[in-house]
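First the structure, in the form of structure tokens, and then the observations on it.
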Amino acid sequence: MSGNPFHLGLFLQGSSVQAWGEAWTGHIGTSWMVPDLFLDVARSLERACFDYILLEDSSYVGESYGNSREVYLHNGLAVPRQDPSVVATMMIAATSRIGIVPTFATFAYPPYLLARLMSTLDQVSSGRAGWNMVTGSSDFAARNFGLDGLPEHDMRYEMAEEYIDLVSKLWDSWEPGALVADSESGMLIDHTKVHQIDFDGRFYKSRGPLNSGPCPQGRPVIAQAGGSARGRAFAASNADTIVASTNGPEGMKAYRDDVRARMAASGRNPDNCKVLFLVSPIIAETKEDAQRVKERRAALNAAQVDRKLAFLGKITNIDFKQFDLDAPVGELKTNGHQQTLDEFKRKAGSKTLRQAITEHSGDGGSVPLIGSPDDIASQMAEAMQHAGGDGFLLSLPNLTRRTLAEIEDGLVPALQKRGLARRAYGHTQFRDNLLEF
Ligand SMILES: Cc1cc2nc3c(=O)[nH]c(=O)nc-3n(C[C@H](O)[C@H](O)[C@H](O)COP(=O)(O)O)c2cc1C
């Protein structure tokens, strides 16, 4: 099957040890502090003409499982996590076209600091910076920043609306043309075009102007992943790209249609925001080889139920250790990632917790992709045709130089052959490449 090109991104699970205990990870346990692997990831995916790499982040050591940090530290579950701004900067320096999207949570970065940091990243990358705007999901993280806990879920989005309003005003505090750099007159900056903002909101306050100067893109690309109704409303008003984890081609279509309708209702052109669906392809030489990889992964997941529950518990703030593994999944509530928990409960039905988490960990994301590069290219084309657009965010449970080669040298050429992936970047700036098709 061939068709129109779609967008591609990578979901990099934090600046950290990506696949501890997996094959083909070399000396990752001792070499992770220097991010050579991430620089190789950035160069490889730029050769593959990916739109962007999203660097996931959280700012605490997990301890939701049995009130202990042991399972997280012992197995390297979302720890260590280096500050994404530093790793993003290094990835920017190693590339020249791909978009780099670090995650910064609104509760952890005061708006002025964030606006300054993002404008700096946009400048040093010549217009390739994006911001994965998250509101946070853990009281443990909040306490690291001197708060007692996070505000309630919908209130976080209300605060985020004000936050984005404020940082946008800071980015706009330099009018176009403010930078003069005229050696004849001696004027570097025209002071009449740089403005104080005097923002005084319900939650945030800032005087301005921004002292770091304007963003080459006007403002950085905004990425968002709001799965709940409130989150989608926020993303529809503010995001240039949405990263979504949904269920099957029907779910993909429903999600995208919903976001596009919300955008149209709020006066935005729906084509100005690209929805990328989270997927976790299993790529091998043949269908049969890929099936064997899947079976090995399933066996591993079944043997690692505690780790998988600890991971789910970290993002939903639920201590799954208190539950009987062989009893049905009961009533669960969260002030964390609502959509993730809703999906987990929906798929679990009357299954036991053990069955539910084993299947949840191996389900491959929004749509299962498995087989040879050609098989997967066809599966992606089919799902995209059904959803209507706009692309995929690839997440590799075992990111290594070997699995990276499966993407750059296997999957992407198969997509390019069908006209489904770009062969060259059309523009120098990130947002322009996102809006190219
Ligand atoms: C692909 C993807 C990437 C995400 N990355 C992060 C992240 O790096 N840090 C974070 O705190 N939350 C992250 N989230 C969680 C979202 O910010 C959000 O909390 C989640 O999608 C649930 O949405 P809801 O709060 O509207 O229910 C991510 C979600 C998805 C689907």
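The values are calculated or read from the model by the stated rules, or taken from the named source; none is laboratory data. The model shown is predicted, which means the values in this text are computed figures rather than measured ones. Cβ: placed from backbone, ideal geometry, glycine included. Neighbour counts: every protein chain shown.
Quick look at the numbers
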| quantity | calculated |
| --- | --- |
| Test for Ala299: is it over 24 Å from the mean Cα position of the chain (by Cα) and either in the same structural domain as Glu63 (by TED's automatic domain parsing) or at pLDDT 95 or above (or both) | no |
| Yes/no for Asp190 being surrounded by 14 or more Cβ atoms within 10 Å (Cβ to Cβ) and of a type in the set (Asp, Glu) | yes |
| Residue within segment 400-412 that is assigned by TED's automatic domain parsing to the domain that holds Asp36, charged (D, E, K, R), closer than 17 Å to Leu276 by Cβ and modelled with pLDDT of 95 or more present | no |
| Which listed residue, of Thr334, Thr352, is outside the structural domain of Gly76 (by TED's automatic domain parsing), more than 25 Å from the chain's Cα centre (by Cα) and either over 30 Å from Leu411 (Cβ atoms) or within 16 Å of the ligand (Cβ to nearest atom) (or both) | Thr352 |
| Odd one out for Phe104, checked against (1) farther than 19 Å from Leu399 by Cα; (2) assigned to a helix (DSSP H, G or I) | (2) |
| Selection within segment 90-101 - surrounded by 19 or more Cβ atoms within 10 Å (Cβ to Cβ) and either assigned to a helix (DSSP H, G or I) or of a type in the set (A, V, I, L, M, F, W, C) (or both) | Met91, Ile92, Ile98, Ile100, Val101 |
| Residues of segment 376-391 classified as in a helix (DSSP H, G or I), of a type in the set (D, E, K, R) and surrounded by 20 or more Cβ atoms within 10 Å (Cβ to Cβ), total | 0 |
| Segment 233-259 residues that are touching a residue at least 24 places away in the same chain (Cβ under 8 Å), paired with ones that are more than 13 Å from the ligand (Cβ to nearest atom) and of a type in the set (S, T, N, Q) (beta carbon under 6 Å, 6 or more apart) | Ser237/Ser266 |
| Qualifying positions in segment 112-154 - surrounded by fewer than 16 Cβ atoms within 10 Å (Cβ to Cβ), assigned to a loop (DSSP other than H, G, I, E, B) and away from the ligand (no atom under 12 Å from the Cβ) | Ser126, Phe145, Gly146, Leu147, Asp148, Gly149 |
| Contacts under 6 angstrom Cβ, first residue in segment 330-359 being within 23 Å of Ala142 (Cα to Cα), partner within 10 Å of the ligand (Cβ to nearest atom) and of a type in the set (Gly, Ala, Ser), 6 or more apart | Gly336/Ser137; His337/Ser137; Gln338/Ser228; Gln339/Gly227; Gln339/Ser228 |
| Subset of segment 317-332 (residues that are surrounded by 11 or more Cβ atoms within 10 Å (Cβ to Cβ) and more than 17 Å from Ser361 (Cβ to Cβ)) | Asn317, Asp319, Pro328 |
| Among the candidates Gly371, Gly389, residue that is at pLDDT below 95 and either within 18 Å of Leu54 (Cα to Cα) or out of contact with any Ser or Thr (no Cβ under 7 Å at 6 or more places or on another chain) (or both) | Gly389 |
